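**Student:** If you scroll down you'll find the structure; I have some questions about it.
All of the numbers you see were taken from the coordinates with simple rules; none came from a lab. Keep in mind that this is a model prediction, so the values were computed, not measured. Backbone-built Cβ (ideal geometry, glycine too); neighbour counts: all protein chains shown.
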Amino acid sequence: MIDPALLFGAVVAIFLVGISTITVFHWWKPRKYDYWKKNGLPFVDPSMIVNNEKPFNELLVERYHNLGPIYGYFEAEKPKISIGDPTLLKNILIKDFSFFMGRKPIVTGDEVHDKMLTIARGEDWKRIRGIVSPIFTTGKLKKMLHIFKNCSQVLMKCLKSSAEEGKSIDLKSIYGAFTTDVIAGAIFSAKVDSHDDPGNQFVKTARDVFGGKPGKRPTAIQLSMDELVGQCLIFFLAGYETTSSTLSFVTHILAHHQDVQDKLREEVAKVLAETNGELTYEAVQNMKYLDNVISETLRLYPPAIQLERYADADYKLEDKGITIPKGMGVTIPIYAIHRDSKIFSHPERFDPDRFIPEAKSMRNPYTYMPFGAGPRNCVGMRFALLEIKICLSYVVTKFRIKKTPHTKEELNFHAGGSGFLRPKEVLAELEIREDSFEIK
């Protein structure tokens, strides 16, 4: 039998150790997170982060509104700084780019992953960017035009079938199939029909990647091919998610704004009438209202809701009395900047006229950055915009986009810290236009 005195002593000892641990923790924790307090900068209280289930885009707006355009926060106990001041952003992204060439260092040990353009740093990044950039010149994009058009025609057949059956359409899913086909054709030189052949190996691989299913990389993709494969992988990853989401967002908006949809269709018809119905590269560039509609959609729903850079050397913020030490992460809250009422009046309102030349000239260009800015901006920006414009030209020509009884006014997004806007559901209904015309 245990001696009661010994048992009591053990309980007291455990109690005292517990009290001591809690006391030390509460003494140590504030000092651990006092970095930004010492620097006199507003910061996110670490205790408010635990179990926060809000979508990350909403958190960015909330912090930006409550703390201002410059504030500190902690990620895995490391201090980071969020900067939304356009003057400082010009310096960080352009003028003083040499201080912020790198993005978040993510080294996995996988030779393909670590050679992707978005991950590469220093001289590796410069060399790879120099090789990749010429792929997206005007001349190369013109040569890809037939791929965009062919994939759009396949999409039209699928949409027509759904419209004839009176079905609600899951836009994210159907545009995901379209972007898969485009990437397969333009980047991988493969002809894929994701709509009618979902069992195709390329399509299955794409779904596995975005469904989070683990897979072993084929042994053939090794060694000297690693950098090439790395770029193909990032083209697919970035091109699939961001473009399919943007197409879904635009279509959702058009369903709620019939006047915008009508004006857009009129412009497409007018421009194509001048080319005898042929959708040329130049014709697409002449669709100014289409460009405004897409730009305003990207303001409301930028695919990447924040950018990230890392300081390669100590850097002093102009007139702020703050030094960003080497190795510190700098985040740029794109989603929050795009919804700043001091920059965009009534920021929740959809208004394509924000992007007419007169309105654009009155704004600082670093208040609108859906594709980033500076040398590390999105290398495939022109590719993505051309793909989106051609697809939408077909859609508004052939169909009227309508709301369904289940279409929500406001989109809902998945919670979590993903860098991309991931809508839970985007539904619409299509009505075949009797006055549609042929696009060549």
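**Student:** Does the range 128-183 come out rounded, prolate or oblate, given a ≥ b ≥ c as the square roots of the eigenvalues of its C-alpha gyration tensor, rounded meaning a/c under 1.5 and, failing that, prolate meaning a/b above b/c?
**Tutor:** prolate
**Student:** Straight-line reach only, C-alpha to C-alpha below 18 angstrom: list the aspartates and glutamates that Lys402 could link to, leaving out same-chain residues fewer than 8 apart.
**Tutor:** Answer for Lys402, where 18 Å is the Cα cut-off: Glu164, Glu165, Asp170, Asp259, Asp262, Glu266, Glu410, Glu425, Glu429, Glu431, Glu434, Asp435, listed by chain and number.
**Student:** Could you pull out every residue, at least 5 positions away or on a different chain, whose amide H is within less than 5 Å of the one on Glu425? Hs are placed 1.01 Å off N in the peptide plane, and Pro or chain starts have none.
**Tutor:** Asn412
**Student:** Let me ask something else. Once you order the gyration tensor axes a ≥ b ≥ c over the Cα atoms, which shape class does the range 290-335 get: rounded for a/c under 1.5, otherwise prolate or oblate by comparing a/b with b/c?
**Tutor:** Since a/c reaches 1.5 and a/b is larger than b/c, the shape of the range 290-335 is classed as prolate.
**Student:** Distance check, please: which entries in Lys115/Lys316; Lys172/Lys408; Lys54/Lys316; Lys104/Lys408 exceed 26 angstrom between their Cα atoms?
**Tutor:** Lys115/Lys316; Lys54/Lys316; Lys104/Lys408
**Student:** Something else about it: Which pairs, out of Lys142/Lys398; Lys38/Lys78; Lys389/Lys440; Lys37/Lys95, put more than 18 Å between their alpha-carbon atoms?
**Tutor:** Going by Cα-Cα distance, Lys142/Lys398; Lys37/Lys95 fall outside the 18 Å limit.
**Student:** For the range 290-421, restrict the atom set to alpha-carbon positions and state the Rg and Dmax in Å.
**Tutor:** Cα only, the range 290-421: 17.7, 57 Å (Rg, Dmax).
**Student:** Let me know the shape class of the range 365-417, please: from the alpha-carbon gyration tensor, a ≥ b ≥ c as square roots of the eigenvalues, rounded when a/c is under 1.5, otherwise prolate if a/b is greater than b/c, or oblate.
**Tutor:** In terms of gyration-tensor shape, oblate.
**Student:** Per-residue HN-Hα couplings for the range 273-290, Karplus 6.51 cos²θ - 1.76 cosθ + 1.60 at θ = phi - 60°, whole Hz, x for Gly and Pro?
**Tutor:** For the range 273-290, the Karplus-derived couplings read 5, 7, 10, 6, x, 8, 8, 8, 4, 5, 4, 4, 5, 7, 8, 5, 5, 4 Hz, x marking Gly and Pro.
**Student:** Ranked highest first by the average count of other Cβ atoms within 10 Å around their residues, in what order do 125-132, 167-174 fall?
**Tutor:** Taking the mean over residues of other Cβ atoms within 10 Å, the ranking is 167-174, 125-132.
**Student:** Give the long-range amide H neighbours of Gly327: residues separated by 5 or more places, or on another chain, with amide H under 5 Å away, using H modelled in the peptide plane at 1.01 Å from N.
**Tutor:** Ala311, Asp312, Ala313
**Student:** Let me ask another. Karplus couplings for the range 368-383 from phi (6.51 cos²θ - 1.76 cosθ + 1.60, θ = phi - 60°), rounded to Hz, Gly and Pro as x?
**Tutor:** 9, 9, x, 10, x, 7, x, x, 9, 6, 5, 5, x, 4, 5, 4
**Student:** If amide H atoms are built 1.01 Å from N in the plane of the peptide, which residues on other chains or at least 5 residues away come under 5 Å of the amide H of Leu307?
**Tutor:** When sequence neighbours closer than 5 places are left aside, the close amide H contacts are Ile332, Ile334.
**Student:** Then there's this: Once phi is turned into θ = phi - 60°, what whole-Hz ³J(HN,Hα) does the Karplus curve with 6.51, -1.76 and 1.60 give for every residue of the range 132-139, x standing for Gly and Pro?
**Tutor:** 6, 3, x, 5, 10, 6, 4, x
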